[in-house]
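See structure below.
Derivation of every value follows stated rules applied to the coordinates shown; laboratory data play no part. As the structure is a computational prediction, the values presented were derived from the model and not from experiment. A quick note on method: Cβ atoms are made from the backbone with ideal geometry, for glycine too, and the neighbour counts reach across all protein chains shown.
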Amino acid sequence: MKLFLILLFIIPVLFSCTSNANLAQENRLEDQNNSQDITKNWVDFESEDGRFRIKMPGIPTKETTKEVTDVGEILVELFLYEESATVAYIIGYNDYPSALFENATDVLYKEMLLGGVEGFTENVGLDIIETSNDISLGKAKGIAVRAKSSTNSFYVHYRAYIISNRLYQIGILRDGSYPAKDKSDAFFGSFQLM
């Protein structure tokens, strides 16, 4: 699974009936309990420099690379945990020059997020994006993607967030099929900005 080291991370439904609301609340509590069961043996990982915390199945290894871009050399911090020979959990971040964001618009933030998705999917050979949705985390704008490859056997659940001039990229990459939804939900749901 060391192939993963090549990775470059450059409506709610409203219920009007009381019984449906109660059922929805019970389902949320059950989902929360299932998520807690999944993460029971996971580690709380925190990056002080990265200003984030997340739960992972194990302690990740850290890689630091410098990438030459159109806006200059960018330092990329990448954390990787290989759960097995077929599943890897990845989180990375990089800072762009602050000057780029002095008069930033939503269009620029969207372009940066889409650039992150494009860089990641191209590097892993993921050419079929099955879903792509705008998301947010507090003030951070984001995107959630499910993608797979037509030429290799990789599948990914991926999210990217941008806040100020920092891009965060988070993913679970799996060989052979999409990552389990409950593990993805627990992983992404535990991501917090500090």
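Let me spell out the model: positive unit charges on the Cβ of Lys and Arg, negative unit charges on the Cβ of Asp and Glu, origin at the Cα centre of segment 68-185. What dipole size does that give, in debye rounded to 20?
Values: 10 positive and 17 negative charges, 79 e Å.
Computed about the Cα centre, the dipole is about 380 debye.
Taking the Cα-to-Cβ direction at residue 99 and at residue 114 and moving 7 Å from each Cα, how far apart do the two end points lie in nm?
For residue 99 paired with residue 114, the spin-label model returns 2.6 nm.
Residue by residue through segment 72-83, what is 3J(HN,Hα) from phi via Karplus (6.51 cos²θ - 1.76 cosθ + 1.60, θ = phi - 60°)? Round to whole Hz and write x for glycine and proline.
Values, residue by residue: x, 6, 10, 8, 10, 9, 10, 10, 9, 10, 8, 5 Hz.
Rank by packing, highest mean first: peptides 120-131, 95-106, with packing defined as the count of other Cβ atoms within 10 Å averaged across residues.
Sorting 120-131, 95-106 by mean packing, highest first, produces 120-131, 95-106.
Between residue 70 and residue 46, what's the calculated FRET efficiency when r is the beta-carbon distance and R0 is 35 Å? Round to 0.05.
0.65
With a/c under 1.5 counting as rounded, go ahead and sort segment 144-194 into rounded, prolate or oblate using the C-alpha gyration tensor (a ≥ b ≥ c being the square roots of the eigenvalues; past the cut-off, prolate if a/b is larger than b/c, else oblate).
Oblate shape, in that a/c is at least 1.5 and b/c is the bigger or equal ratio.
When the label point is put 7 Å from the Cα of residue 63 along its Cα-to-beta-carbon vector, which residues of segment 72-91 have a backbone N closer than 13 Å?
Answer for this model: 76-82, 88-91.
Restricting to Cα atoms and excluding each atom paired with itself, what does the Kirkwood estimate give for segment 66-194 in Å? Could the numbers behind the result be given before it?
On the way: mean 1/r = 0.0659 Å⁻¹.
It works out to 15.2 Å.
Express in whole angstrom the spacing between the alpha-carbon centres of segment 119-178 and segment 78-99.
11 Å
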